[in-house]
Each structure stands twice: as C-alpha cells, then as structure tokens.
Amino acid sequence: EILHGMLYEGGIMIMSGPSKCRKTYTAMSLACAIALGYEWLGRKTTQCPVIYLNLELDTYSAKERLVHIAHALGVEPPGNLYMFNARGAGLKATLDWFRRWLPKVIKLTGARLIVIDPLYKISSASGVEENSNNEIGAFIYDLETICQRCGGIAIVIAHHFAKGNQSAKN
C-alpha cells in the first residue's frame, strides 16, 4: 500500500475536477505526504520516492506551490520528491516519450509513485481524442502497462473535466 486503503503499487488513481479547483495543490500535497510518509486526508501512507511530472505550471510556480505545501506541514520540501517541470522545455510529452523516459528516471530515483499533472498534456500530444471513451481507455491501459514494466510503479493522474456547460453538449 502506498496510500493505505486507496492506492497500491501498480495501481492507478485519478483526481478529476473542473478548472481551478486546486487539483495541482491536492496532487502535490499527496506527493509530499507520501515522500515524507505522513498521513494524507486521514489516511496513512508508506514513505517512498515520488516523481512529480509537472506538464502545466511554469517551474517557478510549481516550486512555489511545493514550498508552501511543505511549509504548511512544518518541513522543507522532501529530498525524495523529484519534480520534473516540462512546461516550456521544448519537449513533446507523448506516450512514446513517457515510455522511454520513465524507466530512466525510476532507475535514478527509485521512485514507487509517479504523479502526472495533467493527463491531457500527454494524451493530446499523443493524438488521443479526449472525448472518446475508447481512446482514453486504451491510453490509460498503455500508461498502466508502461508502469507495470517499470516494476509496478503506482500512478496518480490529475485530470481536468471538460470546460463549459455539460448539459449543452451532445
């Protein structure tokens, strides 16, 4: 168990919500808690190295949020929480890129959890239609397979709900 009663090695957890509902803060607080072995929302965690793949925020904002979260816990940002900031780095974070990148980073860090924030940055770069259940299902299956081949690393995904009035859509 990584997040007791909710997330196990090799498992997947999706945090979904509308834009600006603090998914990134929530995902970062989970990553920080697991890296420290602290409780998170009343649940025990098993301390382990964590990779946080930030695909959306600029590097400064991501670091500032992590510092604020850690300081709220009364600690410095954990040394075994590895933040990879890809925004503006000139890389196209596709599923093929992820397949090559993840084993290398796990080897360097020993991570047992990866947080991907947000999902649409990899899925859209991979040509996946976000509104297709079949395509998203196959995409998630591919993510799980990659993580299983990396020794059963757990995945937490931050995912945006579609914007706009859902009742006005087909």
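General observations
- Note on the range 1-37: among residues that are open to solvent by 50 Å² or more (accessible area, probe 1.4 Å) and charged (D, E, K, R), the one that is modelled with the lowest pLDDT is Lys20.
- When Phe139 is tested against (1) without any contact (Cβ under 8 Å) to a residue 40 or more places away in the chain; (2) aromatic (Phe, Trp, Tyr); (3) buried (at least 18 other Cβ atoms within 10 Å of the Cβ), exactly one condition is not met: (1).
- Residues satisfying the stated conditions in the range 78-99, i.e. more than 16 Å from the chain's Cα centre (by Cα) and open to solvent by 50 Å² or more (accessible area, probe 1.4 Å): Gly79, Gly88, Ala89, Gly90, Leu91, Lys92, Asp96
- Restricting the range 38-62 to residues that are under 24 Å from Pro103 (Cα atoms) and open to solvent by 40 Å² or more (accessible area, probe 1.4 Å), the residue that is nearest to the chain's Cα centre (by Cα) is Glu56.
- Any pair with Cβ under 9 angstrom, 6 or more apart, that starts in the range 27-52 at a residue that is more than 17 Å from Ser16 (Cβ to Cβ) and without any contact (Cβ under 8 Å) to a residue 12 or more places away in the chain and ends at one that is buried (at least 22 other Cβ atoms within 10 Å of the Cβ) and small (Gly, Ala, Ser): Glu39/Ala33
The values are calculated or read from the model by the stated rules, or taken from the named source; none is laboratory data. The model shown is predicted, which means the values in this text are computed figures rather than measured ones. With ideal geometry, Cβ positions are generated from the backbone for all residues, glycine too; neighbour counts draw on all protein chains shown. Surface areas here come from the heavy atoms of the whole protein model, side chains and all, with no ligands, DNA or RNA. Shrake-Rupley method; radii C 1.70, N 1.55, O 1.52, S 1.80 Å.
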